[in-house]
1. Cβ-Cβ distance below 6 Å, separation of 6 or more or different chains: which pairs start in region 89-112 with a residue that is closer than 14 Å to residue 53 by Cβ and end on one that is charged (D, E, K, R)?
2. I need the full set of residues from region 159-185 which are closer than 18 Å to residue 91 by Cβ and touching a residue at least 40 places away in the same chain (Cβ under 8 Å), in order please.
3. Determine if region 32-41 includes at least one residue that is among the polar types (S, T, N, Q), assigned to a loop (DSSP other than H, G, I, E, B) and touching a residue at least 24 places away in the same chain (Cβ under 8 Å).
4. Give the residue, chosen from 16, 53, that is within 22 Å of residue 112 (Cβ to Cβ) and either in contact (Cβ under 8 Å) with a residue 12 or more places away in the chain or part of a helix (DSSP H, G or I) (or both).
5. Give region 112-159 a look and list any residue that's more than 30 Å from residue 184 (Cβ to Cβ) and in contact with a helix residue (DSSP H, G or I) (Cβ under 8 Å, 6 or more places away or on another chain), or say none.
6. So which residues in region 45-100 are at pLDDT 95 or above, among the polar types (S, T, N, Q) and out of contact with any Ser or Thr (no Cβ under 9 Å at 6 or more places or on another chain), if there are any at all?
7. I need the full set of residues from region 1-13 which are in contact (Cβ under 8 Å) with a residue 40 or more places away in the chain, part of a helix (DSSP H, G or I) and either more than 25 Å from residue 208 (Cβ to Cβ) or in contact with a helix residue (DSSP H, G or I) (Cβ under 8 Å, 6 or more places away or on another chain) (or both), in order please.
Amino acid sequence: MNSIQKTARMAGFLYFIYMVTTIFAEVVGRSKFLVFGDASTTANNIMASEWLFRLGFVCDLLSAVFFLLAAWALYVLLKPVNKELALLFLLLNLGGVAVYSINLLNQFAALLLLSGADYLKVFRVDQLQASALFFLNLYKNGYWISQIFFGAWLFPLGYLVFKSGFLPRILGILLMIHCAGWLMTFLQFFLFPGFGVITYLTYPLGFISEFGLTLCLLIMSAKDQKPA
């Protein structure tokens, strides 16, 4: 990776793989199984497709690894612009990945509770199902705790994209706006859980800004020149 262009393409590739594994984990490993508020249905869904649930869990872990690697590649790409800010967004990403990865234990705990192991026979089936749903709810809350890091990292990233001179400035502006929106969504989840209108605004903005950056890095790439 001796040129800006090669580094940009590597960052785009890693970011794209992160997005693919994240979407796959959501579609295959979570959304089709979880029915919050219905412990019995959720438990039956998980045990009926246990292998897919496990596959989704593994994809979640892989997505965390690829996200960190993408952040590292972006750090290499943007540190000539401002090394301190590049290190800041890398550390924020690392903090989010650490919290997110540890939180995945809550997701796997649900599977362990429903495994039918001998040591669990002292509990009734409905108790185990309720406990499994509790841990899945705990996972959901832990996920949003990690988002304070994943939201905060977008501002220094966007600023460096804006100042780079070799990436579209509009992407930098969108990333910084997305930072504010995502942090507001984090606050909304914990402080105003019944007010979800912010989510409808931040998700499209996040897709446009982050997927746009990925496409720019992967397809257009960065011009092979020194940062401005």
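1. Hits for this filter: 104/60.
2. Passing the criteria: 159, 160, 161.
3. no
4. So the residue among 16, 53 that is within 22 Å of residue 112 (Cβ to Cβ) and either in contact (Cβ under 8 Å) with a residue 12 or more places away in the chain or part of a helix (DSSP H, G or I) (or both) is 53.
5. Within region 112-159, 113, 114, 120, 123, 126, 128, 129, 130, 131, 132 qualify.
6. The answer is 82, 93.
7. Residues satisfying the conditions are 4, 7, 8, 9, 10, 11, 12, 13.
The values are calculated or read from the model by the stated rules, or taken from the named source; none is laboratory data. All values reported here derive from a predicted model rather than from experimental measurement. Using ideal geometry, Cβ is built from the backbone for each residue, glycine included, and neighbour counts are taken over all protein chains shown.
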